[in-house]
Amino acid sequence: MSPSPLVLIVDDVADNREVYAEYLRFRGYRTLEAATGSDAISTVRRHRPAVVLLDLRLPDINGIEVSRQLRATCEGSGAKIIALSACVFPDDVAGALESGCHAFLQKPCLPDAVVSEIERLLR
């Protein structure tokens, strides 16, 4: 039996990470958390998660740059990146998708919607 998929939750707000992590574990996923873009990049390199939930507003490196760096340096990881943001202007969504994100979800986003998107991307 293979282990359940590993999901990295990247958000500078601890409460946001905790809500998604708790619900994802309840749904059978393994989780890791990162509060900064640089932590996210090093965590992906070390642990190779199946999915990265990526807030676009981070204190050190914005999520679009994190996505670009993950695509450039961690392409072999196969991680699916889901951008989560309250910034939903067309340029924000397009920038996230052009940077390498596989999907974009608007905050606030119910945990069930996150799980549905994860399941869609992992099919």
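The values are calculated or read from the model by the stated rules, or taken from the named source; none is laboratory data. Note that the structure is predicted; figures quoted are calculated from it, not measured. Glycine also receives a Cβ, built like all others from the backbone with ideal geometry; neighbour counts cover every protein chain displayed.
Values for this structure:
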read-out	value
Output for the range 75-106, where each listed residue is under 14 Å from Thr43 (Cβ atoms), modelled with pLDDT under 95 and buried (at least 18 other Cβ atoms within 10 Å of the Cβ)	Ala79
Selected residue [closer than 21 Å to Val13 by Cβ, part of a helix (DSSP H, G or I) and touching a residue at least 40 places away in the same chain (Cβ under 8 Å)] from Val93, Val114	Val114
Selected residue (criterion: farthest from Gly63 (Cα to Cα)) from residues of the range 4-32 that are of a type in the set (A, V, I, L, M, F, W, C) and buried (at least 19 other Cβ atoms within 10 Å of the Cβ)	Leu24
Subset of the range 33-63 that is touching a strand residue (DSSP E or B) at 6+ places or on another chain (Cβ under 7 Å) and farther than 18 Å from Cys101 by Cβ - its residue that is surrounded by the fewest Cβ atoms within 10 Å (Cβ to Cβ)	His47
